[in-house]
Amino acid sequence: MSCAIDLKAYVVGEVTPREKMSVEDHVRGCQSCHDELDRLNFTRSALASLEDEEIPRRIAFVSDRVFEPRWWQTMWHSGPAMGFASAALLAIAILAHGFGRPVAQAPIASVDTAQIQRTVDAAVTKAVSEAQVKQSAEFAKVLNATETRFEQQRQSDLATVQQAADYYRKQMAQFLVASNEGPAR
């Protein structure tokens, strides 16, 4: 950029109104200054979006003891140590489970497949009958609601037909009266 315009002062807002107008006029005509102004505005908005951080009260050095990892951090990042620790925990869990179980167990009774089949058949029959009762109740409920709706519609249609019949009866009566009062032949 070879122009003698102070765009940084313009972006920061440290120019007088007359200088501001001069810079704006120049930027409209000079493409390189226009690009530079866009970059400065982008930088300003990026800096404005950063959070304020507290200044450190003490400068720490890498050799300080503060930066040495704790014992559990070194173990946590060590693959073989973590493998050994997890294997030891698994072994302890297996031993605790083995010693915690009762030793004597009752022998398994012989399986009577006929009794199991009868129990399953009884359960299936009971479930089917309960489902049929439930389905019948729901069907009756839906049927009653449908019949009620159709009966209401029928009553409404009958009332409409009755009104139409009364209207046409009146019209016919007026027609007959009008035809009897007409000129004699």
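The values are calculated or read from the model by the stated rules, or taken from the named source; none is laboratory data. None of the values given here were measured: they were computed from a predicted structure. As a convention, Cβ positions derive from the backbone with ideal geometry for all residues, glycine included, and neighbour counts pool all protein chains shown.
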Review point. Inside the stretch 21-55, can you point out the residues that are among the hydrophobic types (A, V, I, L, M, F, W, C), within 18 Å of residue 9 (Cβ to Cβ) and loosely packed, with under 12 Cβ neighbours inside 10 Å?
Key: 21, 42, 47, 48
Review point. Between residues in the stretch 126-151 that are in contact (Cβ under 8 Å) with a residue 24 or more places away in the chain and residues that are part of a helix (DSSP H, G or I) and hydrophobic (A, V, I, L, M, F, W, C), which pairs lie under 8 Å by C-beta distance while being six or more apart or on different chains?
Key: none
Practice item. Could you tell me whether any residue of the stretch 56-75 is in contact with a helix residue (DSSP H, G or I) (Cβ under 6 Å, 6 or more places away or on another chain), at pLDDT 75 or above and either exposed (fewer than 10 other Cβ atoms within 10 Å of the Cβ) or in a helix (DSSP H, G or I) (or both)? Key: no
